[in-house]
């Protein structure tokens, strides 16, 4: 049976868009997030109002309200929804309630960043505080060989038996180390979930798969990614690209609807030992040796950054990818506007075009302004 | 079989400093026999233990330009 025949025989039915397929309105293009399959499809935003009609009118009523030419386009749109299994035809929409949009976490802190350059921090104190905060994921970013592979292994050992479930490293290349050294450290510490080696002599990936496949594959696979690019400082962060978009899930979309995708339940220690929401955020909450991380994380001043939602950010609020984007609040296109869009995002939702953010006018100047702000005296 | 309830002697428990809250004060052989019989008829499936390993955070912790 042709799709046209299907639609013509279903005029008394409702178009039910599955509750795990979430339409998200954008300016030029809108999207449907498939929360179960983790995929995003986009379509012209002119079609977005149809989702409201689907909730209130039967298919025959909707088709009857359009001209013959528009009806053909509408059928094409229905074919798109149907072929992607976003919808079904039903007699009654009542039995399909929406998925509740709530979000919570077991710990006050979910993840932490520790930056290291010219001085070590009190890692034992930090890990103990993170444990009491229920922190699950830690990432260490080293800009010098002061903190290398051996230290990463020791830190992972320190995290054993705590709430911390994964430790990731972004470390500079150490020419004295062989591939075996990296693999030995990674396999000896199962908390080590990922390692990126920057400033390497070539771009390559060391991978040990142990023959595992399917869903268990990523659990046992050890991967060390080496790149020639250099992570020189905290300024080399916050890049938003199409490949950085999250695969949508109920948890991720609910979090991003209510909280900031990057900063929510995050705590950071910058290279000088200061506690911040993110190492590149301007505001410091004191040196980690002088303040209690638990008190900082509990303060409303610290948590206020957690609630900067994409729906409240200029330009982003008109972007169909806003619930799949983890945002960046450290580097803003307009450093003076708290709700400015991220500097390092090259997507324009008004034209549906991606471009290199470095090509933006004054991008380099804006970045250096952000750098100067980070180096201002501590703002308590 | 003796169905009479007997007073459990607590002295050995107290001497071992065992908490008497865990002790059965009265013992009936009938009760014990019944529990033995029910234990024999239990059919347990093979014990399985499942642990979920988390090998990565749900979302990127940071977004380095690498």
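The values are calculated or read from the model by the stated rules, or taken from the named source; none is laboratory data. None of these values were measured; they are calculated from a predicted model. Cβ atoms come from the backbone with ideal geometry, glycine included; neighbour counts cover every protein chain shown.
Remarks
- Subset of the stretch A:222-233 [within 11 Å of chain B (Cβ to nearest Cβ) and over 20 Å from residue A:117 (Cα atoms)]: A:222, A:223, A:225
- Here residue A:363 fulfils each of the conditions (1) farther than 30 Å from residue A:129 by Cβ; (2) touching a strand residue (DSSP E or B) at 6+ places or on another chain (Cβ under 7 Å); (3) within 14 Å of chain B (Cβ to nearest Cβ) apart from (2).
- Filtered residues of the stretch A:33-50 (kept if within 18 Å of residue A:82 (Cβ to Cβ) and either in contact with a helix residue (DSSP H, G or I) (Cβ under 8 Å, 6 or more places away or on another chain) or surrounded by fewer than 17 Cβ atoms within 10 Å (Cβ to Cβ) (or both)): A:33, A:36, A:37, A:39, A:41, A:42, A:43, A:44, A:47, A:50
- Positions within the stretch A:116-127 being touching a strand residue (DSSP E or B) at 6+ places or on another chain (Cβ under 7 Å) and either surrounded by fewer than 22 Cβ atoms within 10 Å (Cβ to Cβ) or farther than 14 Å from residue A:289 by Cα (or both), in sequence order: A:116, A:121
- Options A:207, A:225: the member that is touching a strand residue (DSSP E or B) at 6+ places or on another chain (Cβ under 7 Å) and surrounded by fewer than 13 Cβ atoms within 10 Å (Cβ to Cβ): A:207
- Among the residues of the stretch A:64-110, those identified as within 14 Å of chain B (Cβ to nearest Cβ) and touching a residue at least 40 places away in the same chain (Cβ under 8 Å) are A:103, A:105, A:107, A:109, A:110.
- Top-ranked residue of the stretch A:258-290 - restricted to ones that are away from chain B (no Cβ under 14 Å) and in a strand (DSSP E or B), ranked as nearest to residue B:61 (Cα to Cα): A:275
- Filter pass, residue A:130 being surrounded by 14 or more Cβ atoms within 10 Å (Cβ to Cβ) and under 13 Å from residue A:17 (Cα atoms): no
- Of the listed requirements (1) part of a helix (DSSP H, G or I); (2) modelled with pLDDT under 95, residue A:302 misses just one: (2).
- Residue in the stretch A:235-257 that is assigned to a helix (DSSP H, G or I), away from chain B (no Cβ under 11 Å), surrounded by 16 or more Cβ atoms within 10 Å (Cβ to Cβ) and touching a helix residue (DSSP H, G or I) at 6+ places or on another chain (Cβ under 8 Å) present: yes
- Residue check for residue A:278: more than 24 Å from residue A:26 (Cα to Cα) and under 18 Å from the mean Cα position of the chain (by Cα): yes
- In the stretch A:300-311, of all residues being in contact (Cβ under 8 Å) with a residue 12 or more places away in the chain and under 16 Å from residue A:112 (Cβ atoms), the one that is surrounded by the fewest Cβ atoms within 10 Å (Cβ to Cβ) corresponds to A:306.
- Residue A:358 being modelled with pLDDT under 95, in a helix (DSSP H, G or I), farther than 29 Å from residue A:251 by Cβ and more than 22 Å from the chain's Cα centre (by Cα): no
- Close pairs (6 angstrom Cβ cut-off, 6 or more residues apart or separate chains): more than 15 Å from residue A:114 (Cα to Cα) in the stretch A:274-286, assigned to a loop (DSSP other than H, G, I, E, B) anywhere: A:283/A:379
- Flag for residue A:113 being away from chain B (no Cβ under 14 Å) and surrounded by 18 or more Cβ atoms within 10 Å (Cβ to Cβ): no
- With respect to (1) touching a helix residue (DSSP H, G or I) at 6+ places or on another chain (Cβ under 7 Å); (2) under 30 Å from residue A:294 (Cα atoms); (3) not in a loop (DSSP other than H, G, I, E, B), the lone exception for residue A:109 is condition (3).
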